[in-house]
Amino acid sequence: MNKFQSVISDGFELNYCIKGLGRPVLVVGSSVYYPRLFSENLYKEFQFIFLDHRGFVKPPCALEPEDDILDKVLDDIETARQALKLEDFIVLGHSGHAFMALEYAKKYPEHVQKVVLLNSAPTNSPERQQQSFSFFDENADPARKRQFEQDIALLESDIKQDPERRFVHMCIRMGAHSFYDYTFDAVYMWNGVYTNMPIIDYLWGNTFGKLNMIQSLASFDKPVFIGLGRYDYLVAPVSLWDSIDNTDGGKVKKVVFERSGHNPMFEEPHSFDTQLIEWINEGK
């Protein structure tokens, strides 16, 4: 059972959950969802701090998303960092949260030692999203495609019954795009996860489409670990990252997990843990 604490930022009550001891790794996202993905083995090496952002908590009042919502999220993370007294830490972002992690490290570099970016495409532009769907259509095996067709056919009724959790329903019904084992049922992973849909819709549907992490990394001077899944059709293909080739003096390390989809920390925990632990401890 995870023990949650909270910090208030701009009226939002952001929960966080701390697991393990050692060098701190701040995981941006949902404090409920993400502890379910990482192995206990990592907590023997490091202190993982799972922090909500305002897309996963109830708003203090009615709100309209604005163009500066990402800046506000980054400021929330900084408020939490100060409250937690993190002076030298690693920031980790998975999927859309990779954009947050990198943008946070750019805006507040003083205390960030390293950055971990997991299972994201360089941009979330509509063109890239269509490229990922096309890659699935052209490369997924027939059984995976059939599973996807069966699952996605249920999405409309899911959303109709529970529209405020449409992000969750979509993530679950996209399982054949998300997991190496395309029959895996991820429902339990999302139990108890609140979604603030106006913020999620704006970040994923607008903000992240305007960012490009490859361009950002060109002028970024901290060590970066990029973890990708060979069967991660949500952000496919991994060749989108081909310009990052592990030969730029060691600043960026890219690892492709060959038997994983969107969650290599869950699907290949031994390999993932080995790679991440080794990288974090380099130059210790």
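When each of 133, 167, 148, 99 is tested for being in the same structural domain as residue 265 (by TED's automatic domain parsing) and either surrounded by fewer than 16 Cβ atoms within 10 Å (Cβ to Cβ) or not hydroxyl-bearing (Ser, Thr, Tyr) (or both), the lone residue that passes is 99.
Could you list, in sequence order, the residues of segment 174-216 that are under 19 Å from residue 130 (Cβ atoms), aliphatic (A, V, I, L, M) and not assigned by TED's automatic domain parsing to the domain that holds residue 146? Correct list: 211, 213, 214.
One line per residue, one yes/no per condition, for (1) on the phi < 0 side of the Ramachandran plot; (2) among the basic types (Lys, Arg); (3) in contact with an Asp or Glu (Cβ under 6 Å, 6 or more places away or on another chain):
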{"site": "23", "(1), (2), (3)": "yes, yes, no"}
{"site": "26", "(1), (2), (3)": "yes, no, no"}
{"site": "38", "(1), (2), (3)": "yes, no, no"}
{"site": "41", "(1), (2), (3)": "yes, no, yes"}
{"site": "45", "(1), (2), (3)": "yes, no, no"}
{"site": "49", "(1), (2), (3)": "yes, no, no"}
{"site": "56", "(1), (2), (3)": "yes, no, no"}
{"site": "61", "(1), (2), (3)": "yes, no, no"}
{"site": "70", "(1), (2), (3)": "yes, no, no"}
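Selection of segment 31-82 for residues being surrounded by 14 or more Cβ atoms within 10 Å (Cβ to Cβ) and in contact with a Gly (Cβ under 6 Å, 6 or more places away or on another chain) yields 32, 43, 45, 46, 47, 48.
Is it true that some residue in segment 266-280 is among the small types (Gly, Ala, Ser), without any contact (Cβ under 8 Å) to a residue 24 or more places away in the chain and outside any loop (DSSP other than H, G, I, E, B)? Working first, answer last.
Of the residues in segment 266-280, the ones among the small types (Gly, Ala, Ser) are 271.
Applying the additional criterion that residues be without any contact (Cβ under 8 Å) to a residue 24 or more places away in the chain yields 271.
Remaining after also requiring outside any loop (DSSP other than H, G, I, E, B): 271.
Looking through segment 266-280, at least one residue is among the small types (Gly, Ala, Ser), without any contact (Cβ under 8 Å) to a residue 24 or more places away in the chain and outside any loop (DSSP other than H, G, I, E, B).
Please determine whether any residue of segment 121-139 is charged (D, E, K, R), closer than 29 Å to residue 66 by Cβ and assigned to a helix (DSSP H, G or I). Yes, the conditions are met somewhere in segment 121-139. Has segment 228-239 got any residue that is among the β-branched types (Val, Ile, Thr) and under 24 Å from residue 111 (Cα atoms)? For segment 228-239, residues among the β-branched types (Val, Ile, Thr) and under 24 Å from residue 111 (Cα atoms): absent. Of all the residues in segment 62-91, those that are touching a strand residue (DSSP E or B) at 6+ places or on another chain (Cβ under 8 Å), over 13 Å from residue 107 (Cα atoms) and not in a helix (DSSP H, G or I) number 4.
Sub-8 Å Cβ pairs linking a first residue in segment 103-114 that is in the same structural domain as residue 218 (by TED's automatic domain parsing) to a second residue that is among the polar types (S, T, N, Q), at least 6 apart or interchain, are 103/216; 106/216, ordered by first then second residue. When residue 227 is tested against the conditions (1) farther than 20 Å from residue 241 by Cβ; (2) part of a strand (DSSP E or B), the lone failure is (1).
The values are calculated or read from the model by the stated rules, or taken from the named source; none is laboratory data. What you see is a predicted model, and the numbers here were worked out from it, not measured in a lab. FYI the Cβ positions are ideal-geometry reconstructions off the backbone, even for glycines, and counts take in every protein chain you see.
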